[in-house]
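Okay, so here's the structure we're looking at.
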Amino acid sequence: MTEARGAHDAPEVSEVPGLGDLPDVFDPRQYAHGIPHDSYRTLRDHRPVAWQAEPEVLGWPAGPGFWAVTRHADVVRVLKDAATYSSCLGATQIRDPDPADLPFIRSMMLNQDPPGHGRLRRLVSRAFTPRRVDRFAALARARARALLAAALAAPGPATDLVSAVTDDYALLNLADLLGVPHSDRGLLLHWTRRVIGYQDPDEAAEAAEAGGPVRDADGRPVNPRSPAMLADMFAYARSLAAHKRAHPADDVMTALAGDPDLTPAELEMFFFLLTVAGNDTVRSAAPGGLLELARAPGAYERLRAGKADMSTAVDELLRRHPPVLTFRRTAARDTVLAGRRIRAGDKVVVFHASANHDERVFTDPHRLDLDRSPNPHVSFGDGPHVCLGAHFARLQLRVLYEETCRALPVLEPAGPPRRLVSNFINGVKELPVATGPG
């Protein structure tokens, strides 16, 4: 595609030697085949802030287009400058929400700007304490060990680590932290898949089978973040909060339910955010990190032998496979970024995996270097919206990789992975690995 907006602000594509049309990094279908690193590098080298069209894809309507930001320095600048690049004006997904839904969507912490964002973040931080998180380390280790043992004991020469290990590992750890009863934990995965996997035809079909509408009366896709689609989750959050007030425990929902500074609507939104973002961060990062190790047997052997620091390795695996691919901001005023004039109201989208592989910051960025330090990846974002659960995510990943190293002397692929159709979540749907003779 060629640039459709702001072309007067910089040289035309044809003026860049050896470069034809700029690559499309929007279409979610391409991410099912892998991260388009060649396209990212083309943009970083020749047009680090590039206009992208938003055609109709998979039944979702066409949009007005957006600026793709692919260099590390520019991504960090956008994420840190909330006054110029707003999370609230148009929310944080590439696709524009229905105008009728926007006030509702803006009430979520993720879609707010300072100072309101800071107030909500401080409230949830009181519940999401490092002490509360750290006490789950032993529980997470026992869970990882049990899931891996069951996977290795299953008949057959191979197993899918996603369905056998990582999906349940992420889900059950989050459920324990939140304080969700065992009988209700399947709901968390259902809601996560419905909200996160909406671009993927397989995930959408499973949501439909589970009773969630995916098309409206006119056959158009239904936004899974609309108030109507979240009504069941919010009703459950209210019920769970009432239960926690009557039966308090040492968990995040008890702390939130008892916080007098939190409105009922804010509590519901926090439950949504923690359920979806808290689950899918590890649910996406864990198999992605294992896939990177499976593709680098020498690095895996170093990790098993204790020749690489696990905490440093976790960050390198996060750099190579960030759980989130993109986040959107909206320009609050006219500005200039990397020489491009951006107008108030324009969508500005940062590309995390591109920033994490920027040669201007990372030496030999496509090599898995478990000793890489410093490692200023942006897999958990930056600025005021840096991931609130990063500590919990790192803890879970460290424990899972340690237990994988103990359980699997060799981490060998048994077939190609299956990836999520999404330009938002860097998801792995299947990760088959060899487990022994059939």
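Whenever you get a sec, line up 309, 358 from highest to lowest accessible area (probe 1.4 Å, protein heavy atoms).
Ranked from most to least accessible, the order is 309, 358.
For the chain, which span is the longest to avoid every loop-located (per DSSP) member of GluC sites (Glu not before Pro) having at most 15 other Cβ atoms inside 10 Å? Display every interim value, and only then the final one.
Working: sites that count: 12, 56, 359.
Longest stretch, sites excluded: 57-358.
With n ≥ 4 as the cut-off for DSSP H runs, can you work out [θ] at 222 nm for the chain, using -39500 (n - 2.57) per run divided by the number of residues, rounded to the nearest 500?
Details: 16 runs with 189 residues, N = 438.
So the calculated ellipticity at 222 nm is -13500 deg cm²/dmol.
Within the stretch 121-193, list the trypsin sites (Lys or Arg not before Pro) lying in a DSSP loop whose Cβ has at most 13 other Cβ atoms in a 10 Å radius.
Sites meeting the loop and neighbour criteria: 135.
How large is ³J(HN,Hα) for each residue in the stretch 367-380, as worked out from phi by the Karplus curve 6.51 cos²θ - 1.76 cosθ + 1.60 (θ = phi - 60°), to whole Hz, x for Gly and Pro?
8, 6, 10, 5, 9, 4, 7, x, 9, x, 5, 10, 5, 9
Once whole DSSP H runs in the chain are found, which of them have Cα atoms spread over 27 Å or more along the helix axis and a mean Kyte-Doolittle score of at least 0.0?
Those that clear 27 Å and a mean of 0.0 are 227-246, 264-294.
Round to a whole angstrom and tell me the spacing of the C-alpha centers of the stretch 356-390 and the stretch 318-342.
Rounded to whole Å, the Cα centres lie 15 Å apart.
Whole Å is fine, so just give me how far the alpha carbon centre of the stretch 174-192 lies from that of the stretch 95-127.
23
Would you please give the residues with an amide H less than 5 Å from that of residue 90, counting only those at least 5 places away or on a separate chain, with H modeled from the backbone geometry?
Amide H to amide H, under 5 Å and 5 or more residues apart or across chains, residue 90 pairs with 330.
Residues of the stretch 128-159 with amide nitrogen under 19 Å from the 7 Å Cα-to-Cβ point of residue 391?
From the stretch 128-159, the list is 128-141.
The values are calculated or read from the model by the stated rules, or taken from the named source; none is laboratory data. Just so it is clear, the model here is predicted, and its values are computed rather than measured. Ideal geometry is used to build each Cβ from the backbone, glycine not excepted, and the neighbour counts take in all protein chains shown. Heavy atoms of the whole protein, side chains included, go into the accessibility calculation; ligands, DNA and RNA do not. Shrake-Rupley method; radii C 1.70, N 1.55, O 1.52, S 1.80 Å.
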